[in-house]
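Undergrad: Provided herewith is a single structure, encoded as structure tokens, for subsequent inquiry.
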Amino acid sequence: MLGSNKLGFGNSGSTTLVSRDTVIVGEVRFSGNLDVEGLVQGNIIAMPDKEAFLRVVHGGRVEGDIHVPSVVINGCVEGNVYSSKHLELATRGQVHGDVHYALVEMAAGSEVNGALKHCVEHASGDAGGGQADGNRDEFAKVD
């Protein structure tokens, strides 16, 4: 389950690691894969029009909002989460804030201390059945 390759998780490309004893203070903007084992004090935002996957592992912590299409949380997030594709809350995952999602998986033992808000992307004439970006602003909005 955690970090599996289903539904596009585990994108190929570069991976950035925030290791266990690392603290980052400030906003993080990225594309590719980002693994948080340490502490990020600030918002984590995926670069627009790029593939991005965030994993907050057990023991990892984010104190800020997350704006990333694909997210796996098995650590702690103190802030709102905006996931436009797929959000997985693993067994030890904790979110203290609102969760805005298109598709969510919650394992037994995971916690959300806030509201769960389903946000559907609107189709814009996409005959191929793929996801359109009609409601992208809901997920991309940074407060």
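The values are calculated or read from the model by the stated rules, or taken from the named source; none is laboratory data. Keep in mind it's a predicted model, so treat the numbers as computed, not measured. No Cβ is skipped: glycine too gets one built from the backbone with ideal geometry, and neighbour counts run over all protein chains shown.
Undergrad: Could you please tell me which pairs satisfy a Cβ distance under 7 Å, a separation of 6+ or placement on different chains, a first residue in the range 17-33 that is at positive phi and at pLDDT 95 or above, and a second residue that is exposed (fewer than 14 other Cβ atoms within 10 Å of the Cβ) and of a type outside the set (Val, Ile, Thr)?
TA: Filtered contacts from the range 17-33: Gly32/Gly13; Gly32/Ser14.
Undergrad: Filter the strands (runs of 3 or more DSSP E) completely within the range 8-93 down to those with at least 1 residues that are hydroxyl-bearing (Ser, Thr, Tyr) and surrounded by fewer than 20 Cβ atoms within 10 Å (Cβ to Cβ). Give the steps one after another, and end with the answer.
TA: On the way: elements: 15-18, 23-25, 28-30, 32-36, 39-41, 44-46, 52-56, 61-63, 70-73, 76-78, 81-83, 86-89.
Answer list for the range 8-93: 15-18.
Undergrad: Going by the conditions given, is His67 over 24 Å from Thr15 (Cα atoms), touching a residue at least 24 places away in the same chain (Cβ under 8 Å) and touching a Phe, Trp or Tyr at 6+ places or on another chain (Cβ under 6 Å)? Full working, then the answer.
TA: Details: over 24 Å from Thr15 (Cα atoms): no; touching a residue at least 24 places away in the same chain (Cβ under 8 Å): yes; touching a Phe, Trp or Tyr at 6+ places or on another chain (Cβ under 6 Å): yes.
No, not satisfied.
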